[in-house]
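Novice: Just dropping this structure here.
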Amino acid sequence: MNSWLKEVARDLLALGSIPFYFLVVIRSIIGKYELFVYQMLISAIAILILCFVIKDSNMHVARSLVILVFTGVFYKDSLFIVFASLIWLLILASAYVLRKKFSPIIRGIIIGFLSVLAGYYGSLHVL
């Protein structure tokens, strides 16, 4: 595989990394967006718990799905949602290109989806 392709794939997966996830959360705390912060933090806790339950999952995919959904809900802008969705599809492709396995990606999507539900409904009870 071309080294530039691998590098781009790793860069895309970095959008689902723990530091990037908490960069988004900390930025939201500074902006005083309580609902968004609670959604992201509750989802992070759900991801942490689910990664022990659903083994061998791509956690970058899970975290990036949470970021995609909640930033899309936050901005409520169709152009942003389309762009972020395309980036997320590229993240999925990158996860496959780097590992050559679908099953961890599918499990990451499941963890991400369940974490979004936990973050969404959990934040309703906190506020």
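The values are calculated or read from the model by the stated rules, or taken from the named source; none is laboratory data. Because the structure is predicted, anything quoted here is derived from the model rather than measured. Virtual Cβ from ideal backbone geometry, glycine too; neighbours counted across all protein chains shown.
Novice: Here are some conditions: (1) of a type outside the set (Asp, Glu); (2) assigned to a helix (DSSP H, G or I); (3) at pLDDT below 95; (4) within 27 Å of residue 126 (Cα to Cα). Residue 4 meets all but one. Which one does it not meet?
Specialist: (4)
Novice: I would also like to ask the following. Quick one: in region 95-127, of everything that is charged (D, E, K, R) and part of a helix (DSSP H, G or I), which residue is nearest to residue 2 (Cα to Cα)? Before the answer, list the steps.
Specialist: From region 95-127, those charged (D, E, K, R) are 99-101, 107; that's our starting set.
Then keep just the ones that are part of a helix (DSSP H, G or I); that gives 99, 107.
Working: 99: 15, 107: 27 Å.
Within region 95-127, the match that is nearest to residue 2 (Cα to Cα) is 99.
Novice: So residue 45 clears everything in (1) crowded, with 21+ Cβ neighbours inside 10 Å; (2) part of a helix (DSSP H, G or I) except one condition, right? Which one?
Specialist: The single condition residue 45 does not satisfy is (1).
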